[in-house]
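Participant: Sending over a structure as structure tokens; questions will come in a sec.
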Amino acid sequence: DAGITQSPRHKVTETGTPVTLRCHQTENHRYMYWYRQDPGHGLRLIHYSYGVKDTDKGEVSDGYSVSRSKTEDFLLTLESATSSQTSVYFCAISDLTGTDTQYFGPGTRLTVL
Amino acid sequence: GQQVMQIPQYQHVQEGEDFTTYCNSSTTLSNIQWYKQRPGGHPVFLIQLVKSGEVKKQKRLTFQFGEAKKNSSLHITATQTTDVGTYFCAGRYGGSQGNLIFGKGTKLSVKP
């Protein structure tokens, strides 16, 4: 498996609280992605980054913000968590070379009460 | 927006039976990738198809990309219990800079 870690792995929080999820890679890949996975919806792209301080919105970006101050770290922030953001969040990395494989982290299970 | 439709949503098979999942797009894809996610795990890359009509095999798995580059399939011959999981296709539009659009996945269960 590619060197990708996510923290925390599990989190329970209350509606209205801020939450930050961290993705850390040791592969020096340029591209990083945040997805959410919900039953019946598959994987949906939230935000992605194509370099340090270069980010863009994905399909379901409302209510989420991201930051990338270093190549290895990509943070996902829920400014004010809502119950609809209860989900499993996956980080992925890619260098868009060769087969352009996306390598996924182990995921973070977030529950918003 | 662009969508990749994947069917069936669920498939239950007896061990030894074959399994196929299909993906369709209304517009032409640059390429398509397939991923497998074991229960409780994360998606893992299986293969990428790029050329029109391309067929690739990995042991008991056969992947096809349609002539019009709008559809793809994954066929597993003689399923085994180790094949259990959810299979996702992910289509890319707009060349190498486009993001992947994932299908909703097909969850495969295999009865021994």
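Participant: On a straight-distance basis, which lysines could pair with B:LYS51 in a cross-link, Cα separation under 16 angstrom, same-chain partners fewer than 8 positions away excluded?
Facilitator: Cross-link targets: B:LYS69, B:LYS70.
Participant: Checking the table B:LYS59/B:LYS111; B:LYS36/B:LYS57; B:LYS36/B:LYS59; B:LYS36/B:LYS56 against a 19 Å threshold on Cα-Cα, which pairs fail?
Facilitator: Beyond 19 Å: B:LYS59/B:LYS111.
Participant: Okay, moving on. Please compute the contact order of segment A:4-112 in relative form: average sequence separation of alpha-carbon pairs under 8 Å and at least six residues apart, divided by the residue count, as a percent.
Facilitator: Values: 280 pairs, mean separation 38.5, N = 109.
Relative contact order here is 35 percent.
Participant: Mind giving me the FRET efficiency for B:GLU67 and B:TYR10? R0 is 30 Å, r the Cβ-Cβ distance, nearest 0.05 is fine.
Facilitator: E between B:GLU67 and B:TYR10, to the nearest 0.05, is 0.60.
Participant: Give the order of A:HIS10, B:HIS42, B:HIS75, A:HIS47 when sorted by the count of other beta carbons within 10 angstrom, beginning with the fewest.
Facilitator: A:HIS10, B:HIS75, B:HIS42, A:HIS47
Participant: In the neighborhood of A:SER7, defined by Cβ-to-Cβ distances under 14 Å, what is the net charge if each Lys or Arg adds +1 and each Asp or Glu adds -1?
Facilitator: Numbers: positive: A:ARG9, A:LYS11, A:ARG22, A:ARG109; negative: A:GLU72, A:ASP73.
Net charge in that neighbourhood comes out at +2.
Participant: By count of other Cβ within 10 Å, fewest leading, how are A:VAL52, A:VAL112 ordered?
Facilitator: A:VAL52, A:VAL112
Participant: Quick one: of the DSSP bridges fully inside segment A:4-112, what percent are antiparallel, nearest 5? Provide the component values of the computation, followed by the final result.
Facilitator: Numbers: 38 of 42 bridges.
So the antiparallel bridges amount to about 90 percent of the total.
Participant: Taking B:LYS104 as the anchor, which aspartates and glutamates have their alpha carbon closer than 16 Å to its alpha carbon, excluding any fewer than eight residues away along the same chain?
Facilitator: Partners within reach: A:ASP38, A:GLU59.
Participant: How big is the gap, in Å, between the Cα center of segment A:1-36 and the Cα center of segment B:48-68?
Facilitator: That distance is 32 Å.
Just so you know, all these numbers are worked out from the coordinates, no wet-lab data involved. Quick caveat: nothing in here was measured; it's all calculated off a predicted structure. Note: ideal-geometry Cβ built from the backbone for every residue, glycine included; neighbour counts use all protein chains shown.
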